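The values are calculated or read from the model by the stated rules, or taken from the named source; none is laboratory data. Small disclaimer: the values here were computed from a predicted structure and weren't measured. Neighbour counts run over all protein chains shown; Cβ positions are idealised from the backbone, glycine included. Just so you know, the surface numbers come from the protein's heavy atoms only, side chains and all, with ligands and any DNA or RNA stripped out. Shrake-Rupley method; radii C 1.70, N 1.55, O 1.52, S 1.80 Å.
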Amino acid sequence: MGKFTLELLFQIIGIGSASGLFYQDNKLLVIGDNSGYLYEYQIDSKELQRLELVNNPTENTPKKVKSDFESLTVFQDTAYVFGSGSTPTRNAMIAFDQNQKKRISTNNLTDLYTVMQNFASIKPEDFNIEGSIYEGDNWYFFNRGNGPGNRNTLFSLHAKKLNEEFSLMSNEYKLPKIKGIRSSFTDAVLVDDSFYFLSTVENTQSTYADGEILGSFIGRINLETMKIDFTKKITSTQKFEGLTVYKNSKDKIEFLLCEDKDTATLEAAIYKLTLDKK
């Protein structure tokens, strides 16, 4: 993978602690880990719509009670939003119909998350789902290794629905370090036959407490071999937690990224990352 450019594309006023996003037809879906809303942003008109994911939603929800929505994936007309699983109150999966603009189901994933932890021998204090992908037959979940065990794990579930029987696999990764601290998954997206992922470094050994931000990487995992093809440091100062494809051509691929500043300010910075494929 060749050169890259990273630039601030625009800012969305009204969204705080952005943690996941999805781009399609000049529209962005955005979630925030402190928020009970799914945000729909029309890029041309700059119109922002708040859509309820939970009953009586709030923004800047207190940390002890927030749902901690950290990952977003879309298949056909349905958006799926996942809680991180880092505490017992963060185990929800919300299915949201984009056409009807309403929540169609809420599922408690406590049992599934427990199975995943047991399967990969991950302790509860090391469990923190921050990336999810669904492509119709398989679900992929990226566990952020920012706990004491640094367990960066990719779970692969073969099932059309998460409440049906499934087969489960897991792969463990040692991601690059900054100042001796290992980076950890914060999001991922499937492009052709590869996962492109973000990882970031915070000076903390907790899936709950924030730490000093030391930088972020972009990387790629081959879907067939499940091995990392490359990683590249893209910043020394920012924590990127959302990744979606913007444009994909023969020579380059463009992503949109959202930055989580861990503040109560309702302003989301959206960046464009361009990677040369040569």
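Structure above, values below:
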{"item": "Checklist (1) more than 24 Å from residue 22 (Cα to Cα); (2) of a type outside the set (Lys, Arg); (3) in contact with a helix residue (DSSP H, G or I) (Cβ under 9 Å, 6 or more places away or on another chain); (4) without any contact (Cβ under 8 Å) to a residue 60 or more places away in the chain applied to residue 147, failing item", "result": "(4)"}
{"item": "Matching entry among 257, 223, 214 (being out of contact with any Cys (no Cβ under 8 Å at 6 or more places or on another chain) and closer than 21 Å to residue 21 by Cβ)", "result": "257"}
{"item": "Selected residue [open to solvent by less than 30 Å² (accessible area, probe 1.4 Å), outside any loop (DSSP other than H, G, I, E, B), under 23 Å from residue 80 (Cα atoms) and of a type in the set (Val, Ile, Thr)] from 234, 221", "result": "221"}
{"item": "In segment 244-278, the residues that are in a loop (DSSP other than H, G, I, E, B) and either over 15 Å from the mean Cα position of the chain (by Cα) or more than 19 Å from residue 73 (Cα to Cα) (or both)", "result": "249, 250, 251, 261, 262, 263, 264, 265, 266, 277, 278"}
{"item": "Residue ID - surrounded by the most Cβ atoms within 10 Å (Cβ to Cβ), chosen from residues in segment 117-172 that are within 19 Å of the chain's Cα centre (by Cα) and β-branched (Val, Ile, Thr)", "result": "129"}
{"item": "Test for residue 85: is it outside any strand (DSSP E or B), within 26 Å of residue 64 (Cβ to Cβ), in contact with a helix residue (DSSP H, G or I) (Cβ under 7 Å, 6 or more places away or on another chain) and without any contact (Cβ under 8 Å) to a residue 40 or more places away in the chain", "result": "no"}
{"item": "Single match in 104, 94 (criterion: under 27 Å from residue 245 (Cβ atoms), open to solvent by 40 Å² or more (accessible area, probe 1.4 Å), aliphatic (A, V, I, L, M) and modelled with pLDDT of 95 or more)", "result": "104"}
{"item": "First in segment 157-184 and farther than 10 Å from residue 201 by Cβ and in contact (Cβ under 8 Å) with a residue 24 or more places away in the chain, second anywhere and among the basic types (Lys, Arg) and in a loop (DSSP other than H, G, I, E, B), Cβ under 8 Å, 6 or more apart", "result": "172/151"}
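Matching residues to (1) open to solvent by less than 10 Å² (accessible area, probe 1.4 Å); (2) within 22 Å of residue 190 (Cα to Cα); (3) of a type in the set (Lys, Arg):
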{"position": "10", "(1), (2), (3)": "no, no, no"}
{"position": "21", "(1), (2), (3)": "yes, yes, no"}
{"position": "26", "(1), (2), (3)": "no, yes, no"}
{"position": "32", "(1), (2), (3)": "yes, yes, no"}
{"position": "44", "(1), (2), (3)": "no, no, no"}
{"position": "50", "(1), (2), (3)": "no, no, yes"}
{"position": "63", "(1), (2), (3)": "no, no, yes"}
{"position": "66", "(1), (2), (3)": "no, no, yes"}
